[in-house]
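Presented below is the structure to which this report refers.
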Amino acid sequence: MGAVLTGVAGALAAYRAGDVGRARALAAESGTRLGAELATYWTDGTSGPVYDQPAAFTAFIRGGGNVELYRRLSEGLAARYDSWRPEAVLDVGCGDGLAIEPALAAATFQPSRIDLVEPSAALLSAVEVAGARRFPLTAQDFLGSDGSTWNLVQSTFAMQSIEPAARAEVLSELRSRTDRVVLAEFDVPEHADLASLAQRYERGVAEYGAQASLVAQGFLLPVLLGVAAGEARTNWEHPAAEWARQLEAAGFSSVTVDRLADYWWSPAVLITAS
Ligand SMILES: C[S@@+](CC[C@H](N)C(=O)[O-])C[C@H]1O[C@@H](n2cnc3c(N)ncnc32)[C@H](O)[C@@H]1O
């Protein structure tokens, strides 16, 4: 039998076991900011899909460690546009454009065609990229209904939103339709126990000051409970080596992983495949 978990880890274990009352009590008693947010969440109920009413997500990516992470991400993408000079670029799951907009602004080379695929119409409508073609669809639906090809397909923290079997089909479809792929993802550990998840999410929530409740209730807690406690998942993440394996299984032959930034959750990486 494993050790008895206490604090937020104990609350997550109780929730996973179906004991919401005990989960709420342990979370409230934990004396942590994350515990207080979980207790509220388990009292007030969820706010719905995380990207459909995206105030919490957009506050999340514009605050805390994401400021430096996205600065490095856009710089890394801009350097790749200038080096590879891709005439046609597809951004899969572009969100509200926080990665692609500053990358294009920083690059000297400008693609002549940019396609944006994003199932959240609210996020897609906020992207400011002049002349881009916009598709308010999932990657699966878009690739099934449009026969375009590209020189570069980028996807920043969005391939993790597609469950692995569907993602394998998306990656293998992309193999025949693009010269290169660049993915930004987190190099997460293969296995993480509840204590480690609780510790890291505590650090994440603490980065948001006055916006901590908005970000926790509307984004971070649904993601955490999907990973840790059996709620509907919003994402499926992997170690960098497993992302590389999935790209190779899809038919990409040259895959490289570059470290992008340290981050409270796990180090972020840029994975390039051709
Ligand atoms: C963590 S956000 C990243 C957004 C953006 N790329 C960025 O870096 O800020 C994940 C994005 O993937 C999108 N997404 C979810 N499921 C998807 C799918 N099946 N196909 C394409 N995008 C998807 C979400 O709507 C969301 O905008």
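Can we say E173 is more than 13 Å from the ligand (Cβ to nearest atom), touching a helix residue (DSSP H, G or I) at 6+ places or on another chain (Cβ under 8 Å) and outside any strand (DSSP E or B)? Judged against the criteria, E173 is not a match.
For L90, the conditions (1) within 16 Å of the ligand (Cβ to nearest atom); (2) touching a Gly at 6+ places or on another chain (Cβ under 9 Å) all hold with the exception of (2).
Evaluated against (1) surrounded by 14 or more Cβ atoms within 10 Å (Cβ to Cβ); (2) touching a residue at least 40 places away in the same chain (Cβ under 8 Å); (3) over 23 Å from A99 (Cβ atoms), R175 falls short on exactly one condition, (3). For segment 228-256, the set of residues classified as among the aliphatic types (A, V, I, L, M), without any contact (Cβ under 8 Å) to a residue 24 or more places away in the chain and in contact with a strand residue (DSSP E or B) (Cβ under 9 Å, 6 or more places away or on another chain) consists of A241, V255, listed by residue number.
Residues being β-branched (V, I, T), assigned to a helix (DSSP H, G or I) and at pLDDT 95 or above: count how many of those fall in segment 23-67.
The initial filter retains those residues of segment 23-67 that are β-branched (V, I, T), namely 32, 40, 43, 46, 50, 58, 61, 67.
In the following step, the residues that additionally are assigned to a helix (DSSP H, G or I) were identified as 40, 43, 58, 61, 67.
Now drop any that are not at pLDDT 95 or above, which leaves 40, 58, 61, 67.
The number of residues fulfilling the criteria is 4.
Only one entry in G64, G45, G21, G76 is surrounded by 17 or more Cβ atoms within 10 Å (Cβ to Cβ), among the small types (G, A, S) and under 28 Å from A210 (Cα atoms), namely G64.
Condition first: closer than 23 Å to V153 by Cβ, of a type in the set (S, T, Y) and crowded, with 20+ Cβ neighbours inside 10 Å. Can you find one or more residues in segment 193-204 that meet it?
No, segment 193-204 contains no residue that is closer than 23 Å to V153 by Cβ, of a type in the set (S, T, Y) and crowded, with 20+ Cβ neighbours inside 10 Å.
The values are calculated or read from the model by the stated rules, or taken from the named source; none is laboratory data. Computed from a predicted structure; not experimentally measured. All Cβ positions, even for glycine, are placed from backbone atoms using ideal geometry, and neighbour counts span all protein chains on display.
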